[in-house]
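Readers should treat all values here as calculations from the given coordinates under stated rules, not as data from a laboratory. From a predicted model like this one, the values you see are computed outputs, not experimental measurements. Positions of Cβ are backbone-derived with ideal geometry, glycine not excepted, and every protein chain shown enters the neighbour counts.
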Amino acid sequence: MLALDRVSKTYPNGVAALARFSAEIRQGEIIAIIGGSGCGKSTLLRAIAGLDRASSGTVTLDNEAIASPHAKIGIIFQEPRLLPWLSVADNIGFGLADLAAPERREKVARALERVGLADKAQAWPRELSGGQAQRVAIARALVPQPEVLLLDEPFSALDAFTRRDLQDHLLDLWADTRPTLILVTHDVDEAVVLADRVLVMRPRPGRLFDQIEINLARPRDRHSPLFENFKRSVLTSLDRSLDRSVPDRDATQGPGQAMWW
Amino acid sequence: MISDAPALQQTSEPAESAAAPSRVARYARPLLGLLLPLTLALGWELVVWLGWSNGRLVPPPSRVFATIAELARSGELVRHIVATLWRVSLGFAFGVVAGTLLGAVSGYWSLARRLLDPTVQALRAIPSLAWVPLFILWLGIFETSKVVLIAVGVFFPVYLGVMGAILSVDRKIVEVGRTFRLSGFAMIRRILLPAVLPAYVVSLRVGLGLGWMFVVAAELIGASEGLGYLLLDGQQLGKPAQILAAIVIFAILGKLTDWLIEVAAAPFLRWQDAFGRAKGA
Ligand SMILES: Nc1ncnc2c1ncn2[C@@H]1O[C@H](COP(=O)(O)OP(=O)(O)O)[C@@H](O)[C@H]1O
Ligand SMILES: [Mg+2]
């Protein structure tokens, strides 16, 4: 289990990017974090990844405090961030340096197969499309089999068609080993199609505003009335999060009690 | 002569994007560049051959090549080339080692940069040839002062190239290294070195160009052998063909050594070639 306990971050310039963010995330759960720009989503993700230290509060994974990057936690950024001097195969195997070469090769080959890029194994990152490059980034993060995979707006730079394709593909890959996914997104549709639970954040300082459980069986039909209902409730919550006249919910309240619908 | 920074992508093979005429284009393009100098040389040859000019001050190509052949036959040419190449190699080696070390320290470690960089920049502002009298006083007029002068010329572009390259390594890529828990040596070997390599190769090539420039200066100041000596000797004895012969050989050696660096680096920069191809150079 991943436990966030009153995680706060104030940057040296005084910006309170994150304030007392608490959540408990079950192993294998898919969480979407949604909220206006600048409400601390990336800050939160970077704290969980151990890339930036929280100013106060703790992140613990299976009772182990996270203060620096951890083998069980992978992260995918908005840009693929592939290493341009490594072939696609070597990029995917980047996190497997400790393994013996044959074993690494085999894992990489399987991952390439799995993300549908077997024919690109020896290509350079420059030669990939945006969607392909992000697939490689996903494979690179998943191949060491992390327990938690963090994704910071991973599909927002892609066109709508590629984005849908990769959303489905991500779920497909997730089913292999069922890591915990924490996905930051701007896209309500994306949140509802992927997540078990949507966390809505509000800005200044960045904090948790609301949680919405998405009780929909997978695969989800984007056109079903139920799907539309969930989308509407997320949108409503988002609107309220941006409305300053709406007070914060009581922090002690249990998750998923969206009271207004 | 070759002190300008050669852009890596431009010197790699021409684009293959236009599939059909690519083979013709591959050979036609360099040939096109040869057209002007060849025409001028042949034209001048013709002018002298027709007796329209005696070609005493500007000897025709045939006379320049005859001079080269003559020098080669007597063994003089090899002796001068070896002397010059030896100086350039030593100076280049020292300059590269010093520039790489100090550049890396300054790029990697900000305290060292604050300590070191202002001094280096101030020294850089001095035209390096201004050091010549001092070097001669300190080190004598023989090999040491020449090698040091060349090393100074090579040092600055390498230092700046290495430091700049390290400073401009993409923070986002470094972060990828951090998420995979690389630190210290592993981070340097797996992220920083490859990221810095293209700029490093460019700085080596610029440094080498300066090395060739400075070897001429060093040998003009006083030498009993070397291509620069041939230049000076040609001037003093009024042998323009010998001067031109030395210049031609400088050009050939300069291009050749530059090409050696390019070829040696090519296997490590294949990923960049892909970039050049994709852009359609
Ligand atoms: N490195 C930083 N230094 C100072 N302020 C920052 C830094 N990173 C983010 N911020 C600020 O913190 C707030 C939250 O940023 P961020 O977590 O990136 O938001 P989001 O990802 O939700 O758009 C913003 O106001 C942003 O300007
Ligand atoms: Mg962000």
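In the calculated pair-distance distribution of the protein assembly as shown, the portion above 45 angstrom amounts to 38 percent of the Cα-Cα pairs.
Anisotropy class assigned to region B:117-173 is prolate, per the alpha carbon gyration tensor with a/c at or over the 1.5 cut-off and a/b larger than b/c. Assign unit charges at the C-beta atoms only (+1 for Lys and Arg, -1 for Asp and Glu), then state the dipole size of the protein assembly as shown relative to its Cα centre in Debye, rounded to the nearest 20. Using only the charged Cβ atoms, the result is roughly 520 debye. Under 23 Å of direct C-alpha separation, and excluding same-chain neighbours fewer than eight residues apart, B:Lys172 reaches these lysines: A:Lys9, A:Lys41, A:Lys72. The alpha carbons of chain B stretch over 75, 63, 30 Å along the principal axes, in descending order.
Shown in residue order for region A:105-112 are the 3J(HN,Hα) couplings computed by the Karplus curve 6.51 cos²θ - 1.76 cosθ + 1.60 at θ = phi - 60°: 4, 5, 5, 5, 4, 5, 5, 4 Hz (x for Gly and Pro). Measuring r between the beta carbons of B:Glu76 and B:Phe142 and using R0 = 22 Å, the FRET efficiency lands at 0.60. In plain terms, the residue of A:Lys120, A:Lys9, B:Lys172, B:Lys239 with the fewest other Cβ atoms within 10 Å comes first and the most crowded comes last, giving B:Lys172, B:Lys239, A:Lys120, A:Lys9. Which value, in nm² and rounded to one decimal, describes the direction-averaged projected area of the C-alpha convex hull of region B:133-281? In nm², the orientation-averaged hull projection of region B:133-281 is 12.4. Each other residue within a Cβ distance under 10 Å of A:Ala47 adds +1 if Lys or Arg and -1 if Asp or Glu, for a net charge of +2.
Against chain B, whose longest principal axis comes from its Cα atoms, helix B:22-49 is set at around 30 degrees. Both the radius of gyration and Dmax for region A:100-195 are 13.5, 43 Å, in that order, over alpha-carbon atoms.
Charge dipole of chain B (Cα centre as origin; +1 on each Lys and Arg Cβ, -1 on each Asp and Glu Cβ, all else neutral): 840 debye, rounded to the nearest 20. Counting other Cβ atoms within 10 Å as a rough exposure proxy, the listed residues B:Val78, B:Val58 run B:Val78, B:Val58 from fewest neighbours to most. Computed over chain A, relative contact order equals 25 percent, with contacts defined as Cα pairs under 8 Å that lie 6+ residues apart.
Give me the percent relative contact order of region B:130-268, please, defined on Cα pairs under 8 angstrom at least 6 residues apart. Once divided by the residue count of region B:130-268, the mean separation gives 24 percent. Taking the DSSP beta bridges with both ends in region A:1-63, the antiparallel portion is around 100 percent. Divided by 2.2 N^0.38 Å, where N counts the residues, the Cα radius of gyration of region B:206-249 comes to 1.13.
With neighbour counts taken as other beta-carbon atoms within 10 Å, the residues A:Glu190, A:Glu127, B:Glu76 rank, fewest first, as B:Glu76, A:Glu127, A:Glu190. The angle separating the long axis of helix B:227-236 from the principal Cα axis of greatest extent in chain B is about 40 degrees. Please compute the contact order of region A:1-133 in relative form: average sequence separation of alpha-carbon pairs under 8 Å and at least six residues apart, divided by the residue count, as a percent. Contact order relative to length: 20 percent. Computed from Cα positions, the angle between helix B:240-265 and the longest principal axis of chain B comes to roughly 20 degrees. When the protein assembly as shown is described by a simple charge dipole with +1 on each Lys and Arg Cβ and -1 on each Asp and Glu Cβ, the residue from A:Ser56, A:Gln78, B:Ala217 located farthest towards its positive end is B:Ala217.
Across the options B:Val132, B:Pro118, B:Val248, the greatest Cα extent toward the positive end of the charge dipole of chain B (unit charges at beta carbon of Lys, Arg, Asp, Glu) belongs to B:Pro118. With the Kirkwood sum run over all distinct C-alpha pairs, chain A has a hydrodynamic radius of 19.0 Å. When all alpha carbon pairs of region A:35-137 are counted in 5 Å bins from zero, the resulting P(r) reads 2, 12, 18, 17, 16, 15, 12, 7, 2, 0 %.
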